[in-house]
Amino acid sequence: MRVIITNDYESLSKWAAHFVAEKILDFNPTPDHKFVLGCPTGSSPLGLYQELVRLNKKGILSFKNVVTFNMDEYVGIPESHPESYHSFMWNNFFNHIDIDPKNVHILNGNAPDLIAECAHYEEMIAEAGGIDLFMGGIGPDGHIAFNEPGSSMTSKTRIKTLTTNTIQANCRFFDNDVNKVPKQALTVGVGTVMAAREVLILCNGHLKSRAMKHAIEGGVNHMWTVSALQLHEHGNIVCDEDACADINVSTYKYFKDKQRIEGLLDTYINMFSD
Ligand code: GLP
């Protein structure tokens, strides 16, 4: 697993955005050979999306031949709800780039048959040729997408009931009222993320430091679903200093040395700068 430790959220966002941009540019997508990108929501990817929008507006990066699949969506709130993941993605990303709306896929948490909706989502991912790069955030309890502790490490897209922890963490988006937070969501599975050809997880802030420790130092464990990344051939975590509060000094030093020797940090942060 590659772990990149950046100074702060701003550098983390730039690093992640430039990494993603380079992957898309290298792939050189065409109408017959589209790049398939997995997208997260949450506060962690906001800076990444802002930087991707900047690159798009500058003409450096186009999304015309990019297909997206979002990680998850709440069950039972209207798509137009300001906190739905549909609203989040259009407001923060899709409305500001040159993506073709028909290439955007987000689970429908109001589908009449939620089980069929999830099965169809997996089919569409397969039809698109699988996901080239899955970007993701991480919950304080180490969940990826809405794969709560105890989720099967081979799970596919399905309905999940949210933990009290997640409901409390997300109630900041719902007037700080736990009763307003949906109790269920549709989410890609750990197995869906793991099937992507590459994965990039963003982990910032002190609140995520325990999850960070379990992601890279603990064993592979379904109680910290992000730890599945240890089994991925091309797994990347980009974090900030605050998220490293709980990892061993030797782990921290190794990854810092590695990124210095391999030039992994500055290469991406300074790429595409004005
Ligand atoms: C939710 C989302 C996750 C996200 C997590 C962390 O649970 N389903 O995909 O990673 O929140 O969100 P944030 O980035 O706001 O901390």
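The values are calculated or read from the model by the stated rules, or taken from the named source; none is laboratory data. What you see is a predicted model; the values in this text were computed from it and never measured. With ideal geometry, Cβ positions are generated from the backbone for all residues, glycine too; neighbour counts draw on all protein chains shown. The area values use the complete protein model at the heavy-atom level, side chains included, leaving out ligands, DNA and RNA. Shrake-Rupley method; radii C 1.70, N 1.55, O 1.52, S 1.80 Å.
Quick notes
- For a paramagnetic label modelled on Arg54 (point 7 Å from Cα along Cα→Cβ), amide N atoms under 15 Å away belong, within region 241-274, to 268-274.
- For the chain, cysteines whose Cβ has no other cysteine Cβ within reach (under 4.7 Å): Cys39, Cys118, Cys171, Cys244
- Only Cα pairs under 8 Å and 6+ residues apart enter the sum, and on that basis the relative contact order of the chain stands at 26 percent.
- Diagonalising the gyration tensor over the Cα atoms of the chain and scaling each eigenvalue by 5 before taking the square root yields semi-axes of 26, 24, 18 Å, largest first.
- Accessible area per residue, Å², the chain with all protein chains present, probe 1.4 Å: 43 Å²
- Relative contact order, whole percent, for region 117-239 stands at 34, derived from Cα pairs under 8 Å and 6 or more residues apart.
- Quotient of Cα Rg and 2.2 N^0.38 Å for region 31-177, N being how many residues it contains: 1.05
- Between region 84-145 and region 1-62, the Cα center-to-center distance that results, in Å: 16 Å
- Evaluating 6.51 cos²θ - 1.76 cosθ + 1.60 at θ = phi - 60° for every residue in region 108-113, the Karplus couplings come out as 9, x, 10, 4, x, 10 Hz, glycine and proline recorded as x.
- In order along region 91-98, the phi-based Karplus estimate (6.51 cos²θ - 1.76 cosθ + 1.60, θ = phi - 60°) of 3J(HN,Hα) comes to 5, 9, 9, 4, 5, 10, 10, 8 Hz; Gly and Pro are listed as x.
- Taking 16 Å as the cut-off, the amide N atoms of region 120-134 that come nearer than this to a point 7 Å along the Cα-to-beta-carbon line of Lys102 belong to 128.
- Solvent-accessible area of Ser250 with every protein chain in place, 1.4 Å probe, in Å² to the nearest 10: 90 Å²
- Each Lys or Arg adds one and each Asp or Glu takes one away; over the other residues whose Cβ falls under 13 Å from the Cβ of Asn204, this sums to -3.
- Share of carbon and sulfur in the accessible heavy-atom surface of the chain [1.4 Å probe, %]: 51 percent
- Convex hull volume per residue, computed on the Cα atoms of region 135-251, equals 95 Å³.
- Largest accessible area first, the listed residues Met271, Met89 line up as Met271, Met89 when surface is computed with a 1.4 Å probe on the assembled protein chains.
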